[in-house]
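Report on one structure; see the data block that follows.
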Amino acid sequence: MPNSLICCTPFLQKFPSYMQSSARRMGIMTDVHRRFLQLLMTHGVLEERDVKRLQKHCYEVHDRNATVEKLEDFINNINSVLESLYIEIKKGVTEDDGRPFYALVNLATTSVSKMATDFAENELDLFRKALELIIDSETGFASSTNILNLVDQLKGKKMRKKEAEQVLQKFVQNKWLIEKEGEFTLHGRAILEMEQYIWETYPDATKMCNICHRLLIQGQSCETCGIRMHLPCVAKYFQSNPEPHCPHCNDYWPHEIPEVFDPEKEREAGISKLNKKSLRSRQH
Amino acid sequence: MAHLGECSAGSTAVPPQQKPRRRGRSSAQAEKDEERSPGRVPRVPSGGVAEEAPSTSRGPGGSQEALGSASQAAPSAGPRTQKPLELKAAEPVQFLLVKDRKKIPVRRTDVMKHVVGDYKDLFADLLRLAAQRLQYVFGYQLVELEPESNPYILMDALEPVEEDAEVRGDQGTPTTGLLRMALGLIFMKGNTIKETEVWDFLRRLGVYPTKKHLIWGDPKKLITEDFVRQRYLESRRTPHTDPVDYEFQWGPRTNLETSKRKVLKFVAKVHNQDPEACEALSDEEKRARPAPEPSGRAPSS
């Protein structure tokens, strides 16, 4: 055994006083919550369906007989404990199909520095360049070519285009970017993490959804007055409306109205759809 | 590393509070907190560290209670933020969590340099608080390894469960297999093994020190550098050898995190043997157990 061990005080005793007095407001952590948190951290970001699976798993390991708490309450409980650590489990929705997901977000940093531990200086700069192109673009997508052309301007160690291509793939694997047909956009998780940073850094170029007033990267826009809406926001706003009109200028809304995301429909669709989905989520 | 240093150095301004409306649940909580806090907690602490305040519009919910104890722990000298001690402990927690992902022990000096800053004289308290939070919130124990260089590691206080593997996001580490084999090998050779013996064994499995491996990349680097740095293995240079030879033993992290039985179980699975039949383990156990048998049978070697 090693010579010295600093083991923290067993958590059952000796809460610092602030924890005891605010115990009513702050949640209580049990091993169910701890295992959940540990495993969620291995993902960073996870679709709601898988989060529910994870929650169920943690109950099965530690507390078989307990009723599984409603996910929202379960997460709120954990968040109230995480608050003093400036971490939060945030819920977001994918911009393309309105799929809910959860991401562990560090509240104390508002820049891209969250990624700093996993990427080198020149890689981070590549991300920043891609981010700028994405925000400036009309579609929310930046082409691989345009990003790679900026390789010479990167800070840090010199990076070749071939290497930059691999770095972009690393971003996709780590769920900071999404790739579609050679073009890149932000993963929902990046939007959740960097929303504040993006607003502050690119106040003029940043687009906003007319419905939810959150940051918009991908969406539909009115061809007359230019307002924009997220696809899932469009879906909800125009749900079962046969003649959609722009909420701002009332002109006819010319785009195809997407379906509202329905988790039940997904489950019923069966194995073949699950396979298609897992392909899609790999792209995501 | 850099990112938390950036955070506490505070190059980011407090972002505008109005947008984006927080999606979902906590806005009600936010309003409640805001009612409670007026006038009590300086929302933007003086000392020019506005940047350290969390960007959430909620504000630290626990900070009022913390304020009471903070005034007792209030720093006496030097430029300090008015940030309560409990909140300051958030930084070492995040730092340690991030560092632990790579499984490399964190030096005390690193924690001091990057996180503690002006709070150096309260380092012990901060670390103690951080350790409490790590245990309470995440189920990780903060353990100090060798006393000389004081490296810290995070140990999982929760029992790892096989089914965890299905819901993990990172498949553990792909190098686990190689590590476990090395550990098993060391154990079966009597707790110490020469590096040459390691390669004699691994060669039979198609793993070479000089050849790139499909899964493990550079096995030599993994075994002689990475696993040693992560404290899973300990390596010692064998004196008076030419060419230089090394000996490997289980490292302090392995001794803490696992047991010989677990390692043997893994190795036996690989070789399809019943671990109970393995002599090495039963010998070890006999030696460890206080001898109850009056027959005075000496442990077999």
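All of the numbers you see were taken from the coordinates with simple rules; none came from a lab. Only a predicted model underlies this, so the values are computations on that prediction, with no experimental measurement involved. Every residue, glycine as well, gets a Cβ built from its backbone with ideal geometry; the counts of neighbours run over all protein chains shown.
Per-residue mean of other chain beta-carbon atoms within 10 angstrom of the beta-carbon, peptide A:70-81? Mind dumping the intermediate values first?
Working: counts 0, 0, 2, 1, 0, 2, 4, 0, 1, 4, 4, 4.
Across the residues of A:70-81, the mean count of other-chain Cβ atoms within 10 Å is 2.
Of all aspartates and glutamates in the structure, the ones whose alpha carbon falls short of 15 Å from that of A:LYS161, not counting any fewer than 8 places away in one chain, are A:GLU123, A:ASP125, A:ASP152.
For the residues of A:33-39, the average number of beta carbons from a partner chain within 10 Å of their own beta carbon is 6. The equivalent ellipsoid that matches the C-alpha gyration tensor of region A:118-266 spans semi-axes of 33, 16, 13 angstrom, in descending order.
Are there GluC sites (Glu not before Pro) in region B:127-232 that DSSP marks as loop and that have at most 13 other Cβ atoms within 10 Å, and which are they?
Working: sites: B:GLU144, B:GLU148, B:GLU162, B:GLU163, B:GLU166, B:GLU195, B:GLU197, B:GLU225; in loops: B:GLU148, B:GLU162, B:GLU163.
Passing both the DSSP loop test and the Cβ count: B:GLU148, B:GLU162, B:GLU163.
Here A:LYS91, A:LYS180 are placed in order of increasing Cβ neighbour count within 10 Å, fewest first, which gives A:LYS180, A:LYS91.
Among the listed pairs A:LYS90/B:LYS88; A:LYS52/B:LYS103; A:LYS90/B:LYS212; B:LYS189/B:LYS220, which are separated by more than 30 Å between their Cα atoms? Intermediate values should be presented prior to the final figure.
Working: A:LYS90/B:LYS88 22 Å; A:LYS52/B:LYS103 28 Å; A:LYS90/B:LYS212 41 Å; B:LYS189/B:LYS220 20 Å.
In this structure, A:LYS90/B:LYS212 lie more than 30 Å apart at Cα.
The ranking of A:CYS225, A:CYS212, A:CYS58 by Cβ neighbour count inside 10 Å, starting from the fewest, reads A:CYS225, A:CYS212, A:CYS58.
Close amide H contacts of A:VAL93 (hydrogens built in the peptide plane, cut-off under 5 Å, sequence separation of 5 or more or a different chain): A:PHE101.
Remark: for residue pairs A:LYS129/A:LYS162; B:LYS102/B:LYS194; A:LYS56/B:LYS99, the C-alpha separation exceeds 18 Å in B:LYS102/B:LYS194; A:LYS56/B:LYS99. Specify the inter-centroid distance of region B:181-224 and region A:119-140, based on alpha-carbon positions, in whole Å. After rounding, the separation between the Cα centres reads 42 Å. Each of A:ARG267, A:ARG34, A:ARG128 was scored by other Cβ atoms within 10 Å of its Cβ. Listed from fewest to most, they are A:ARG267, A:ARG128, A:ARG34.
Between A:GLU60 and A:ASP251, the modelled labels are 5.4 nm apart [label points 7 Å from Cα along Cα→Cβ]. Ordering A:HIS255, A:ILE198, A:HIS245 by Cα displacement along the dipole of region A:123-255 toward the positive end leaves A:ILE198 in first place; charges were set at the Cβ atoms of Lys, Arg (+1) and Asp, Glu (-1).
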